[in-house]
1. Just a yes or no: is a residue in segment 42-54 in contact (Cβ under 8 Å) with a residue 12 or more places away in the chain and not β-branched (Val, Ile, Thr)?
2. For segment 93-101, check the following and say yes or no: at least one residue is closer than 12 Å to residue 146 by Cα, touching a helix residue (DSSP H, G or I) at 6+ places or on another chain (Cβ under 8 Å), free of Cβ contacts under 8 Å to residues at least 60 places away in the same chain and of a type in the set (A, V, I, L, M, F, W, C).
3. Taking residue 93 as meeting all but one of (1) under 30 Å from residue 34 (Cα atoms); (2) surrounded by 14 or more Cβ atoms within 10 Å (Cβ to Cβ), write down the number of the exception.
4. Only one of these conditions is not met by residue 45: (1) surrounded by 10 or more Cβ atoms within 10 Å (Cβ to Cβ); (2) among the polar types (S, T, N, Q); (3) out of contact with any strand residue (DSSP E or B) (no Cβ under 9 Å at 6 or more places or on another chain). Which number is it?
5. Is one or more of the residues making up segment 37-57 in a loop (DSSP other than H, G, I, E, B), modelled with pLDDT under 90 and polar (S, T, N, Q)?
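The values are calculated or read from the model by the stated rules, or taken from the named source; none is laboratory data. This one's a predicted model, so the numbers in the text were calculated from it and none came from an experiment. Methodologically, a virtual Cβ is constructed for each residue, glycine included, from the backbone with ideal geometry; neighbour enumeration extends over all protein chains shown.
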Amino acid sequence: MTTPRLDSLKANSGARRRKLRKGRGIAAGQGASCGFGMRGQKSRSGRPTRPGFEGGQMPLYRRVPKLKHFPLVNPKFFTVVNVAALNDLKDGSKVNLDSLVKDGLVTSPKHPLKVLGSGNLKVKLVVQASAFTKAAREKIEAAGGSCEILD
């Protein structure tokens, strides 16, 4: 076995290092300013500022929601019809986007149909749409009709 040299010495496994005692004189290695430099905010006690602090400027996390032009990545567009507009249709008829265009209730059928719950419904209908609001579904079913969701 070779004799250990100073450049190859290392602590035994499980050995604990002594805690560094800062501010206890020059001989301690981290005396006086404790390695934080001379003056300024970063040398004070309780030193770190909170995360996101920008020196008093309005921080990014508070600026962003106020800014305009943050578009939705995949917005959903719907052709909307209120429940009240369906009262003019015949009792028991099937309602979908094509039938609403024929009846003149929808003029520009670019997007899938969504039924909204404004108004009252007195007619029993079978409504086929891509989406229903909760109120619209309740009103259609309360009038004796049914809701069918299309893909």
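1. Within segment 42-54 (the criterion being in contact (Cβ under 8 Å) with a residue 12 or more places away in the chain and not β-branched (Val, Ile, Thr)), the answer is no, since none of the residues qualifies.
2. The answer is yes; a qualifying residue exists.
3. Only one criterion is unmet by residue 93, namely (1).
4. Tallying (1) surrounded by 10 or more Cβ atoms within 10 Å (Cβ to Cβ); (2) among the polar types (S, T, N, Q); (3) out of contact with any strand residue (DSSP E or B) (no Cβ under 9 Å at 6 or more places or on another chain), residue 45 fails exactly one: (1).
5. yes
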